[in-house]
Amino acid sequence: MILFGIVVAAFTGNMGRVSAEAINSAKEAVSLAITMLGVMSLWTGIMEVAKGAGLMDKLTGLMRPVIRFLFPGLPAGHRVNEYIASNMIANILGLGWAATPAGLKAVKELKRLNGDKALANANICTFLIVNMSSLQLIPVNIIAYRSQYGSANPVSILVPAIFATTCSTAAGVVFALLWRKKHG
Amino acid sequence: MGKIMLYVSDAIIPGVFFVVIFAAVYKKTDIFGDFINGVKEGFDVTLGILPTLIGLMTAVGILRASGGLDIIGNVLAPAAELLKLPKELVPLITVKMFSSSAAVGLLLDIYKSFGPDSYIGMLASVILSSSETIFYTISVYLGSLGIRKSRYIVPGALVATLAGIIGSMIIVSR
């Protein structure tokens, strides 16, 4: 990406902007990480309290049919189930900050179950594809932007958005399951 | 209706806090101890992805500033025409795959020039609601966990994104 960007800049004469942007982005990454440090840690803290109170077990139980359908052959009772369940529920509720730590832990465990190989196996692929198919049901921020920009009915996108999200998730799931069936 | 929806969305985070702490009080668990342990874990997670984040955000920044994203957009324009997708939305869709905040900037531009309730404004809203920053997120996950071969993750994510776009067009043009 960097090489492509620099080559393009050489042709478009955007070199100055590129060098400013490179330094700026690196700075931005650190300030983003500082924000994340607060929000993400708050969530992992709350998640740990939820785990202590037995709520995570309940959530995982609720999601078990979905997990078993998407990830056949995962060891039952393993903590990876819990991470997948909390990641998906946080995504559906639109709590991106809460979803990421659970998601990272889920993939880490999936990788460990796969013998720590640098190659993504079918479970990791399915997990990330489903994650990337957008699970969020209520697009809160978009609704807020719409009302800010004078929409007569900001929420009118809600049903279309749920429909479109269902389309993308269904396509992602079908793709992941078909590929798994064909290539293992 | 709109007010209720926004109220419900606002209540999700406090609601989760309430339910979790209420359950913990009910079960008499060590709330603060658990919380502190969880927070420490959050530190590790964040510090673990920071190196990937620096590399990735620099790369995306360079790509955007150089005009590289515009070139990708131009390459994709014929495909958009085939789908009967308004060409104003091509940059929005390409940028969203890399950066959410940059995509919001473009979305607001579209609201300003066409209005949020126009066909393009509606379609842009729905497409952004049903898509993710796929390249950015996949890189963060795989980069920070040391997975080098992503196999069919990117094609799968692209298929899902495309299905979301087609679904958006079908429902908005009705």
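Please treat every number below as a calculation from the coordinates, not as lab data. Since we're looking at a predicted model, the values are computed, not measured. Cβ: placed from backbone, ideal geometry, glycine included. Neighbour counts: every protein chain shown.
Remarks
- Computed about its Cα centre, the charge dipole of chain A is approximately 500 debye, with only Lys, Arg, Asp and Glu carrying charge at their Cβ.
- Peptide B:104-117 has a mean of 3 when you count, residue by residue, the C-beta atoms of other protein chains within 10 Å of its C-beta.
- Electrostatic dipole magnitude of the protein assembly as shown [Cβ: Lys, Arg +1; Asp, Glu -1; Cα centre; debye, to 20]: 880 debye
- Counting Cβ atoms of other protein chains within 10 Å of each Cβ in B:167-174 and taking the mean gives 5.
- The stretch B:14-22 - phi-based ³J(HN,Hα) in whole Hz, Karplus 6.51/-1.76/1.60, Gly and Pro as x: x, x, 4, 4, 4, 4, 5, 5, 4
- The gain in end-to-end length when the residue A:66 to residue A:148 segment is fully stretched comes to 25.8 nm, 0.36 nm per residue minus the alpha carbon separation.
- Dividing the summed -39500 (n - 2.57) terms of all DSSP H runs of n ≥ 4 by the residue count of chain B sets its mean residue ellipticity at 222 nm at -28000 deg cm²/dmol.
- Chain A: DSSP helices with Cα axial extent of at least 18 Å and average Kyte-Doolittle hydropathy no lower than -0.5: A:15-52, A:55-70, A:79-92, A:96-113, A:158-183
- Residue among A:80, A:140, A:22 farthest towards the positive dipole end of chain A, charges placed on Cβ: A:80
- Semi-axis lengths (Å, descending) of the ellipsoid that matches the C-alpha gyration tensor of the stretch A:1-53: 40, 11, 5
- Phi-based couplings in Hz for the stretch B:133-148 (Karplus 6.51, -1.76, 1.60; Gly and Pro marked x): 7, 4, 5, 4, 5, 4, 5, 4, 4, 5, x, 6, 9, x, 9, 9
- Here is the size of the stretch B:61-174 from its Cα atoms: Rg then Dmax, 14.5, 45 Å.
- As an equivalent ellipsoid, the stretch B:1-47 spans semi-axes of 28, 18, 4 angstrom, where each value is the square root of five times an eigenvalue of the C-alpha gyration tensor, largest first.
- Calculated Rg and Dmax of the stretch A:35-184 using C-alpha coordinates, Å: 16.9, 54
- On the principal axes of its alpha carbon atoms, the stretch B:1-139 extends 61, 44, 24 Å, with the longest extent given first.
- Applying 1/(1 + (r/R0)^6) with r as the Cβ-Cβ distance of residue B:12 and residue B:47 and R0 = 25 angstrom yields a FRET efficiency of 0.35.
- Peptide A:170-176 - average C-beta neighbours from other chains (10 Å radius): 6
- On full extension, the segment bounded by residue B:36 and residue B:82 gains 11.2 nm, given 0.36 nm per residue less the C-alpha separation.
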